[in-house]
1. Being free of Cβ contacts under 8 Å to residues at least 40 places away in the same chain, assigned by TED's automatic domain parsing to the domain that holds VAL287 and exposed (fewer than 12 other Cβ atoms within 10 Å of the Cβ): is that true of ASP212 here?
2. Go through the residues of region 280-303 one by one and say whether even a single one is under 22 Å from HIS347 (Cβ atoms), part of a loop (DSSP other than H, G, I, E, B) and polar (S, T, N, Q).
3. What number of residues in region 261-290 are surrounded by 12 or more Cβ atoms within 10 Å (Cβ to Cβ) and of a type in the set (Lys, Arg)?
4. Could you identify the single residue in GLU65, GLU43 that is part of a helix (DSSP H, G or I), surrounded by fewer than 17 Cβ atoms within 10 Å (Cβ to Cβ), of a type in the set (Asp, Glu) and modelled with pLDDT under 95?
5. Which residues, taken from region 7-30, are more than 58 Å from the chain's Cα centre (by Cα) and within 20 Å of GLU76 (Cβ to Cβ)?
6. When you scan region 127-243 for helices (runs of 4 or more DSSP H) that lie fully inside it, which ones turn up with 2 or more residues that are closer than 18 Å to PRO92 by Cβ and in contact with a helix residue (DSSP H, G or I) (Cβ under 6 Å, 6 or more places away or on another chain)?
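The values are calculated or read from the model by the stated rules, or taken from the named source; none is laboratory data. All values reported here derive from a predicted model rather than from experimental measurement. So basically every Cβ, Gly included, is an ideal-geometry build from the backbone, and we count neighbours across all protein chains shown.
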Amino acid sequence: MTGKARMKTNYPGVFFRIAERKGKSGEERVYYIVFKQDGKVIEEKVGRQYADDMTPARASGIRAERIEGKRVSRKEIREAVLAAKAAEVTKPTIARLWDQYQQSFDDGKARKADISRYHIYIKSLFENKTPNEITTLDADKLRHKLLKMGKSPQTAKHVLALLRRIVRFGVKKGLCAATDPSKLHFEMPKVDNQKTESLTADQLKKYLEAIDREPDQDAAAFLRLALITGMRKGALMALQWADIDFESGFILLRGEVAKKGTTERIPLSHAARAVLRGVKKTDSPFVFPGKNGAQRKDFRKIAIRVKQRAGLPENFRPLHGLRHAYASFLASSGKVDLYTLQKLLTHSSPQMTQRYAHLADEAMQRAARVADEIFIATTDNKQGHNG
């Protein structure tokens, strides 16, 4: 008969109570131990006769270990398990940090490319790891894996940079502890980013003709403006009529949509002014609105179509190539120094503009050859008179 009565055993400090058997019919003994700790009498349940295979002898051994401090109580074990489960739920894994990272950039800066990189290359390897569980060797393995897959150094760099940004975001927001630099270091692959695109006079002519033949001339204006201002694709898609000051002759590049996050201005040239004057205004604040007047997300299709119609080389990038073409025209003109070009392109450092230095050098050499011609002509005349 079940009850709460304490039944003695042959072992000091060990007793049991009769309870219904767990999972089966009948009854079983539930063993308890009693001992003193820090002047207090402690009574603890140590296990069931059948469910835990508990005996008076085993219970007595547990009692001895508890008195000697060699064993923790069942309650403490349960609390430790619960604490571990709670810690697991809030563990700052890369997956959880990634979720927070995306939420903090709901203004569009968590680009589609980053989402793709995370799910394709990062998630399967690191989603259950915390930043402090990731080592330099792990990062190196990821880099080698990407390169072995045939991915470009630039792609590998983007993937590693994203993982590093997620980790730094977690540290900055207090979601995880700072990583130990001696244990985690991201070695980026060397990338030759000196690629520049330029257009010959004939290619430029064909490109402009291809734009003229584009049915959607408002969309075609996007490409014209990219070519004559050198503005980045993101800045052009975010461009609003309020950003254009026709009176003072400047275009405002707002910091919240700029690549480096700082507000800047670039000149509104006569050619750019003419392009903008030809764009049909709508109720949307955007110069090149998308669906329902919201900011447009992409111009790639029309850019590829015009590029192909103009017969440009396969490796000419349909949108970013226009920015390089603009910079190349200015640098090779001999009329624009690299510092001014840096400001026009809104580069954060002169090193980024340095890729166009050889074009500026060629312009100076052409200027020097003009001086040669003047000098040679003058010398020949003098020699003719002396003869």
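1. On the way: free of Cβ contacts under 8 Å to residues at least 40 places away in the same chain: yes; assigned by TED's automatic domain parsing to the domain that holds VAL287: yes; exposed (fewer than 12 other Cβ atoms within 10 Å of the Cβ): yes.
Spelling it out, ASP212 is indeed free of Cβ contacts under 8 Å to residues at least 40 places away in the same chain, assigned by TED's automatic domain parsing to the domain that holds VAL287 and exposed (fewer than 12 other Cβ atoms within 10 Å of the Cβ).
2. Looking through region 280-303, none of the residues is under 22 Å from HIS347 (Cβ atoms), part of a loop (DSSP other than H, G, I, E, B) and polar (S, T, N, Q).
3. 2
4. Details: GLU43 fails: part of a helix (DSSP H, G or I).
Result: GLU65 is the single residue among GLU65, GLU43 that is part of a helix (DSSP H, G or I), surrounded by fewer than 17 Cβ atoms within 10 Å (Cβ to Cβ), of a type in the set (Asp, Glu) and modelled with pLDDT under 95.
5. If the condition is that a residue be more than 58 Å from the chain's Cα centre (by Cα) and within 20 Å of GLU76 (Cβ to Cβ), then GLY13, VAL14 are the ones that fit.
6. On the way: elements: 136-148, 153-172, 201-212, 217-229, 233-238.
The helices (runs of 4 or more DSSP H) meeting that bar are 153-172.
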